[in-house]
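Once you've had a glance at the structure underneath, I'll fire off some questions.
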Amino acid sequence: MLCTRCGIPLSGGDEAALFVCPGCGLVHEVGEKTLAPFAASTVAASTELAVSGSVQYLAVWRLLPAAMTEDDPVWEHILRVAAPGPAYLYVPAFSLARPVVQRIGMRLTEVQPVLELTAGVPAERGQRPALAEARAEVTRLSAAAAGPSGDPRGGSAPDEVNGEQDFDVVSPILVGRREAWGLAQFVYLAIEAREIHDLQPADLRLKPGGEELLFFPAVWDPRYIHESNWRLLLREFDGLVA
């Protein structure tokens, strides 16, 4: 498959749902007969903590529902957190593992982070935010704690080096837009099940609306076990060291 703009081979991998042009950064979706290109965006790091290790970028869908279940206290709370802006549902696109989708998707949806976006997909090795010097001893400890290694799907991968993942800069995109809306219901129902303790039938009416593919800066850090070893470099995630 070739980029519709550059004419060069697309990257993605055997399990990818979407493919990225390494030249111009356009994301390509496979249609019935043609490739449909669209632009993604990169999220700027906002963490206030020291960063150790190379910055990598995780693909995440940001979904804007056209309609949600009426009189839903959980969604009303999310709306209040997001105010005065719109409320989004977030679905990790770099993993198909249930714990990864649930934990990171739930956390992003619950905190509704304030994001600074730039157009395009990262093309070069990410740089550490200037706000902190990476410490070599922390990197060594992270590598030791990681054990034989970790995988972007939440398991383990043999190609991990120094506690980082086997992909270089940009994660694979394993979840397409249609699948993202299905997983959004899973993420939302997981939030609802935790917040509402009374047993009741699930009655979620989620009508798909707009969607964006974003790439979040992150580092592989085994101390962040509650986020499946990924530390998103956002201030909203600064308090989640295990």
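What follows is calculated from the coordinates using simple rules that are stated; it is not laboratory data. Note that the coordinates shown come from a computational prediction; the quantities given were computed from them, not determined experimentally. Glycine also receives a Cβ, built like all others from the backbone with ideal geometry; neighbour counts cover every protein chain displayed.
Please give the length that would be gained between Ala83 and Thr34 if that part of the chain were fully extended, namely 0.36 nm times their separation in residues minus their C-alpha to C-alpha distance (nm, one decimal). Each step should come with its number before you reach the end.
Details: separation 49, 0.36 × 49 = 17.64 nm, distance 3.93 nm.
Result for the pair: 13.7 nm of gain on full extension.
If packing is taken as the average count of other Cβ atoms within 10 Å, what order do 221-228, 32-39 fall into, highest mean first?
Top of the packing list down: 221-228, 32-39.
Follow-up question, since we're still on this one. Given 4 °C and 1.567 mPa s, compute D for segment 1-93 with the Stokes-Einstein relation, Rh being the Kirkwood radius over Cα pairs; round to the nearest whole µm²/s.
Values: Rh = 16.5 Å.
Calculated translational D: 79 µm²/s.
Still on this structure, please answer the following. Estimate the FRET efficiency between Ala119 and Leu2 by the formula 1/(1 + (r/R0)^6), using the beta-carbon distance for r and 22 Å for R0, to the nearest 0.05.
Computed FRET efficiency for Ala119 and Leu2 comes out at 0.50.
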